[in-house]
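Here's the structure, in structure tokens; my notes come after.
The values are calculated or read from the model by the stated rules, or taken from the named source; none is laboratory data. Only a predicted model underlies this, so the values are computations on that prediction, with no experimental measurement involved. Positions of Cβ are backbone-derived with ideal geometry, glycine not excepted, and every protein chain shown enters the neighbour counts.
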Amino acid sequence: VFAEVVKGVGSDALMMEDMNMMRFIRGYSHEKNRIPATVSYLRGMLRWRKTEGADEKMDMLVETPIRDIPRCPLVDPECMKPLEWYFYGMSKFGTPVVYMKIPTASTYTKLGLDRCMEQHVVEMEIIERIKMQLRYSGWKGYKHMMV
């Protein structure tokens, strides 16, 4: 299935890590026409990443040491203020667990949906960056749960 999806998406698939690609493929395993549906969704996601500049943001985050991420120019302190996210112990498999409380709708209206959406992308890229760093250093990654 992996090879078929990569063939269907083309050279853009080379931008993704194999681990992320496998998660994406498993996520659409319930679809009736699994391969065409996965290819379609994957193309859409890659197109979205290009238009939103997510890869450029990730590159900037990779160059920033983890301890300096809160002061990174991408992080909007006003959008981060209403968010609550914290590490919450370990799962039964020994991986750390992160919980994130989603802000109320009034927060999004006050700050603007576009601004909050862009900040959410930055947060997800930060979490992905931490997962990558853990993976490459031999530590187990962690789960990310939104409540």
field: Long-range neighbours under 8 Å by Cβ, at least six apart or interchain, first residue at pLDDT 70 or above within segment 3-24, second not in a helix (DSSP H, G or I)
entry: PHE24/MET16
- prompt: Can you name the condition, by its number, that GLU31 falls short on among (1) at pLDDT 70 or above; (2) surrounded by 15 or more Cβ atoms within 10 Å (Cβ to Cβ); (3) part of a loop (DSSP other than H, G, I, E, B)?
  reply: (2)
statement: Checked TYR86, TYR108 against criteria (modelled with pLDDT of 70 or more and more than 15 Å from the chain's Cα centre (by Cα)); the one match is TYR108
task: Could you please give the count of residues in segment 100-114 that are assigned to a helix (DSSP H, G or I) and surrounded by 14 or more Cβ atoms within 10 Å (Cβ to Cβ)?
output: 3
message: Looking at VAL75, VAL122 in this structure, which one is surrounded by 16 or more Cβ atoms within 10 Å (Cβ to Cβ), assigned to a helix (DSSP H, G or I) and at pLDDT 70 or above?
response: VAL122
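Just to check your reading of the model, which residue among THR64, THR95 is surrounded by 11 or more Cβ atoms within 10 Å (Cβ to Cβ), modelled with pLDDT under 70 and over 16 Å from the mean Cα position of the chain (by Cα)? Reasoning before the result, please.
Details: THR64 fails: modelled with pLDDT under 70.
Residue meeting the stated conditions: THR95.
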